Amino acid sequence: MTPDLNLNQLRTFVAAADHMSFVGAADAVHRSQAAVSMQIMKLEETVGQALFARHTRRIELTAAGERLLPYARQMLALEAQALAALRTQEVVGRVVLGAPDDYVASLLPPVLERFTKLFANVEIELVCLQSTLLKPLLQKGQIDLAFVTRDDGLEGSLIRREAMVWVGSQRHAVWKKTPLPVALFDKGCVARAHTLAALDKCGRPYGATYSSPSLLGIVAMVDAGLAVAALAECSIPPHLVRLGEAEGLPPVEPLDVVLIRGRNSSSPAVECLAGEIMAALRPVRAAA
């Protein structure tokens, strides 16, 4: 007899894979660590293979776990979509969604458009702030969902990994200058830290003389030929030139984009929007 896959066990499995920790998974699915371990063991018994390699302080996916993960994500996304379709007419409420302006502009529009068509009685309030500035609002319970860059204190369900790409102006070859003029996001931003770490590692002289809290400010500086910048790939305007090692610019560590639920934010409206974001923006990897 073919064994059945349990969606609750798959949900716990995906949470453990996202956090690479049973402790993190326990927080994400609101269960004890012992319950998470038991669910993973039962799932492994069902599939007849180990899904995680257990180490002293961490876990990692086995080959079987890597194969199962994209299917588990698809099954959970389909469940969320089915429930959303059934609840379309009855869900009423308000969701406060926090995200940096570059994610709001590049990733969220199609999700929000679809969501408002499905859930016409749900009001969405957008709070556009740098990820680190959204952290205290989450802690105070002033935001229901945060779509942000992973950082210390900003741990959640992994949605996607965004490459960081150097960009410059088509009209000004400022990447040839020494020291290299660089435009950065404000202090505390993960993208800024990754950019500076890459420059320090390669040893190229640079001047971090331009900064802005917003994507629009960074793009304006680059477009004017004042500096180059490293941006999340999803938010690169088409009129800017992509740069790389050929221009003497080092690779930059990518950004992990996560979805975090605020304290006491578990209303049907919040759950439906979270489901839509995860279903739409998580890339589906082909099984090996």
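A compact table of results
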read-out	value
Selected residue (criterion: nearest to ALA146 (Cα to Cα)) from residues of the stretch 97-121 that are open to solvent by less than 10 Å² (accessible area, probe 1.4 Å) and more than 16 Å from the chain's Cα centre (by Cα)	PHE115
Residue within the stretch 57-69 that is of a type outside the set (A, V, I, L, M, F, W, C) and surrounded by 19 or more Cβ atoms within 10 Å (Cβ to Cβ) present	yes
Number of positions in the stretch 122-152 that are over 18 Å from VAL190 (Cα atoms) and surrounded by 19 or more Cβ atoms within 10 Å (Cβ to Cβ)	4
Test: residue in the stretch 158-174 that is without any contact (Cβ under 8 Å) to a residue 40 or more places away in the chain, within 26 Å of ASP256 (Cα to Cα) and part of a strand (DSSP E or B)	no
Residue match in the stretch 4-23 (condition: open to solvent by 30 Å² or more (accessible area, probe 1.4 Å), of a type in the set (D, E, K, R) and over 28 Å from VAL122 (Cα atoms))	yes
Some residue of the stretch 179-198 being open to solvent by less than 40 Å² (accessible area, probe 1.4 Å), assigned to a helix (DSSP H, G or I) and more than 30 Å from ARG282 (Cα to Cα)	no
Condition broken by ALA280, with the remaining ones in (1) in a helix (DSSP H, G or I); (2) open to solvent by 20 Å² or more (accessible area, probe 1.4 Å); (3) touching a strand residue (DSSP E or B) at 6+ places or on another chain (Cβ under 9 Å) satisfied	(3)
Which listed residue, of ARG160, ARG171, is in contact with a Lys or Arg (Cβ under 7 Å, 6 or more places away or on another chain) and of a type in the set (Lys, Arg)	ARG160
Single condition ALA28 does not satisfy, out of (1) within 20 Å of ARG282 (Cα to Cα); (2) open to solvent by less than 30 Å² (accessible area, probe 1.4 Å); (3) in contact with an Asp or Glu (Cβ under 9 Å, 6 or more places away or on another chain); (4) of a type outside the set (Asp, Glu)	(2)
Within the stretch 44-55, tally of residues that are open to solvent by 90 Å² or more (accessible area, probe 1.4 Å) and in a helix (DSSP H, G or I)	1
Inter-residue pairs, beta-carbon under 8 Å, first small (Gly, Ala, Ser) and in the stretch 244-257, second part of a helix (DSSP H, G or I), 6+ apart	GLY248/TRP175
2 or more residues modelled with pLDDT of 90 or more and more than 30 Å from GLY217 (Cα to Cα): qualifying helices (runs of 4 or more DSSP H) within the stretch 61-150	63-87
Sole exception among (1) under 23 Å from LEU5 (Cβ atoms); (2) of a type outside the set (Phe, Trp, Tyr); (3) free of Cβ contacts under 8 Å to residues at least 60 places away in the same chain for GLN74, by number	(3)
In the stretch 153-164, residue most open to solvent (accessible area, probe 1.4 Å) [restricted to those that are over 17 Å from MET278 (Cβ atoms) and in contact with a Pro (Cβ under 9 Å, 6 or more places away or on another chain)]	ALA163
Any hit, the stretch 71-92, residues being exposed (fewer than 12 other Cβ atoms within 10 Å of the Cβ) and either in contact with a helix residue (DSSP H, G or I) (Cβ under 7 Å, 6 or more places away or on another chain) or among the charged types (D, E, K, R) (or both)	yes
Residue match in the stretch 34-43 (condition: of a type in the set (Lys, Arg), open to solvent by 30 Å² or more (accessible area, probe 1.4 Å) and over 26 Å from ALA280 (Cα atoms))	yes
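The values are calculated or read from the model by the stated rules, or taken from the named source; none is laboratory data. Given the structure is predicted, the values throughout are model-derived calculations rather than measurements. No Cβ is skipped: glycine too gets one built from the backbone with ideal geometry, and neighbour counts run over all protein chains shown. The accessibility values were calculated without ligands, DNA or RNA, using every heavy atom of the protein model including side chains. Shrake-Rupley method; radii C 1.70, N 1.55, O 1.52, S 1.80 Å.
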